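The values are calculated or read from the model by the stated rules, or taken from the named source; none is laboratory data. Quick caveat: nothing in here was measured; it's all calculated off a predicted structure. Virtual Cβ from ideal backbone geometry, glycine too; neighbours counted across all protein chains shown. Surface accessibility is based on the protein's heavy atoms, side chains included, excluding ligands, DNA and RNA. Shrake-Rupley method; radii C 1.70, N 1.55, O 1.52, S 1.80 Å.
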Amino acid sequence: MNAWFKRAGIAAIASLALMGASAAQVTYNRGNDADPETLDPQKTSTVYEDHILRDMYEGLMIYDAAAKVVPGAASAVQVSEDGKVYRFTMREGAKWSNGDAVKAGDFVFSLRRIMNPATGAKYANILYPILNAEKINKNTGGAKLEDLGVKAIDDKTLEITLERPTPYFLELLTHGTGYPVHPASVEKHGANFTRPENKVTNGAYTLREWVPNSHLRLVKNPHFHDAANVKIDVVNYYPNKDLGAAARRFMAGELHSTSDMPADQVKFLRERLGDQVKISQRLGTWYLPVNTSKAPFNDARVRQALSMAIDREFIAETIWNGAFLPAYSFVPPGIGNYGEPAFADWKEMSPIDREERAKALLKEAGYGPGLKPLKVEIRYNTTDNNRNTVVAIGDMWKQIGVETSFINTDAKTHFAHLRDGGDFDVARAGWIGDYSDPQNFLFLLLSDNKGFNYARYQNPQFDELMRKADQETDLRKRAAVLLEAEKIVTRDQPYIPILYYANNNLVSNKLEGWVENVRGTHPTRFMSIKP
């Protein structure tokens with residue numbers, strides 16, 4: 001170990017001492033992608049927030065250690081014959097971290113809150129299958145909050161009525177948008193209910209400390225109904241946008257796990273750490289949204305040319321060292337309730353042939369040698385992997401006459417810029433499936449999805465197919481409709497798919513209970529740490 005590692009290790013130990021970690025406590029030091037933008041479950045929108053919120057809250061349904069959907073705050077559920085009414089029995093002994101009982105009415109309050117337009121929840125549409133949810137959230141049709149298809153029969157019984165049968169509804173409820181908030185705390189503190197001194201949670205942990213750009217500390221909730229089986233007392237989340245630094249901290253023993261690793265160091269890390277390097281399939285796509293609301297990016301020929309000129313195999317193998325796979329569809333292969341996704345029709349063409357076709361498309365659009373140059377600015381959130389990828393893409397675009405520049409910011413700033421309608425040409429984004437269904441990817445491109453349609457894509461034919469799929473109860477017929485919708489997206493390329501995600505984690509041999517799964521979910525409550 002060199003002197004840098006020694007100094008880093010001493011600094012980290014001192015930091016933990018200052019945080020008051022008792023020798024008797026079992027502490028998990030967990031690397032995370034970035035600082036959370038919010039700890040409000042009804043406003044969450046990122047994977048790195050979800051890791052934290054999953055430790056603090058328990059939805060009606062949860063993911064177990066292997067990412068299987070199992071009962072959470074509800075102990076049982078009954079579904080009507082027509083598939084539209086779900087009746088949940090609340091779990092005996094479930095309590096909030098302040099000792100209050102968790103009641104069915106808490107979920108009524110929370111689900112109404114996320115649908116209330118005043119809340120400004122960017123991810124409310126994930127719960128649109130609930131009766132009147134979309135009308136309430138969009139303030140159309142005269143529907144009021146009280147008309148939402150959610151009611152407490154009594155404190156122990158919650159009933160949710162849907163607009164239509166939704167085969168993946170129980171899995172939807174595992175998502176952060178389905179977590180409850182403590183009504184009295186929200187009513188008393190307003191937006192400040194997320195502060196450590198005001199935070200009341202119903203999960204295995206509660207928030208003790210949050211120091212932006214440093215750490216976020218959770219402590220075990222003694223009132224949690226399964227507290228006796230929670231083996232870890234303290235969870236320290238550390239934001240690690242510098243993946244190389246995170247890997248060094250892991251090797252120095254300062255982190256028990258990381259949420260990602262530098263792709264250019266995968267070979268070295270495998271040689272050094274052996275089976276502590278965990279790479280497994282994940283349901284997600286790394287992609288480039290293109291701003292279709294402004295010229296010249298409103299021209300599908302330009303978007304197709306940019307997409308075709310990218311050598312995804314080179315990026316996957318050389319930059320990501322095989323940690324990710326080349327992507328030619330927005331919906332990743334292997335997703336449930338579907339079949340083979342809509343791959344680009346030029347997928348099997350050679351890189352040279354693709355490049356020539358891309359040049360021809362740009363020439364048709366008025367760009368290239370002897371014409372005006374195409375200038376593109378790529379925005380991306382700062383990580384080594386992202387930087388190396390977009391720089392390589394810029395070099396590939398140079399071969400077809402495109403001049404590329406770059407702008408990078410931290411993840412919080414980057415995604416807030418995209419969600420809030422900030423100007424851009426092309427940007428970096430990624431989507432990890434919240435549930436195994438193609439709708440969870442394709443809905444991002446609906447014209448009225450203001451929060452996540454970064455490309456500002458508007459296609460009435462696509463929207464109509466998505467509406468048709470929502471009404472179809474036969475899963476085979478529904479899959480066919482969704483495939484037609486994805487074919488439109490593949491043709492228009494408002495989102496340029498680059499890679500299919502994989503889980504890339506460093507996991508200490510001391511950390512037990514980490515189960516690799518396609519969701520990439522690892523609730524702390526199911527893990528333990530060996531002395």
Quick one: which residues, 5 or more positions from residue 529 or on another chain, have an amide H under 5 Å from its amide H? H modelled 1.01 Å from N in the peptide plane, none for Pro or chain starts. 512
Which trypsin sites (Lys or Arg not before Pro) from the stretch 142-181 combine a DSSP loop assignment with at most 12 other Cβ atoms within 10 Å? 144
Starting from the Cα of residue 197, step 7 Å along the direction of its Cβ; do the same at residue 76; then give the gap between the two resulting points in nm. 4.4 nm
Compute the distance from the alpha-carbon center of the stretch 209-228 to that of the stretch 125-193, in whole Å. 26 Å
Between residue 367 and residues 5 or more places away or on another chain, the pairs with built amide H atoms under 5 Å apart involve none
Using the charge dipole of the chain (Lys, Arg: +1 at Cβ; Asp, Glu: -1 at Cβ; taken about the Cα centre), state which of 26, 342, 308 has its Cα farthest towards the positive end. 26
Using a ≥ b ≥ c from the Cα gyration tensor of the stretch 345-493 (square roots of the eigenvalues), is it rounded, prolate or oblate, where a/c under 1.5 gives rounded and otherwise the larger of a/b and b/c decides, a/b for prolate? oblate
Backbone HN-Hα couplings from phi across the stretch 365-379 [Karplus 6.51/-1.76/1.60, Hz, Gly and Pro as x]: 7, x, 10, x, x, x, 10, 6, x, 8, 10, 10, 9, 9, 9
For residue 138, list the lysines whose Cα falls under 21 Å from its own Cα; do not include residues on the same chain fewer than 8 positions away. 43, 122, 151, 450, 468
Sequence gap at least 6, Cα distance under 8 Å: using those rules, report the relative contact order of the chain to the nearest whole percent. 20 percent
Given the -39500 (n - 2.57) contribution per DSSP H run of 4+ residues, what per-residue ellipticity at 222 nm results for the chain, rounded to the nearest 500 deg cm²/dmol? -8500 deg cm²/dmol
Determine which aspartates and glutamates satisfy two conditions relative to residue 363: a Cα distance under 18 Å, and not lying fewer than 8 residues away in the same chain. 299, 353, 355, 403, 492
So which lysines can residue 267 reach, going by Cα to Cα under 21 Å and dropping same-chain residues fewer than 8 places off? 241, 278
Over the Cα atoms of the chain, Rg to Rh with Kirkwood Rh, two decimal places? 0.97
From the cross-link list 199/220; 68/412; 231/412; 144/199, which pairs have alpha carbons spaced over 23 Å apart? 68/412; 231/412; 144/199
Averaged per residue, the 1.4 Å probe accessible area of the chain, protein heavy atoms only, in Å², is roughly 40 Å²
Residue 101's amide H: which non-local residues (gap 5+, or another chain) put their own amide H closer than 5 Å, with H modeled 1.01 Å from N in plane and none for Pro or chain starts? 96
Can you give me the % of accessible surface on the chain that is carbon or sulfur? Probe 1.4 Å, all protein chains present, nothing else counted. 49 percent
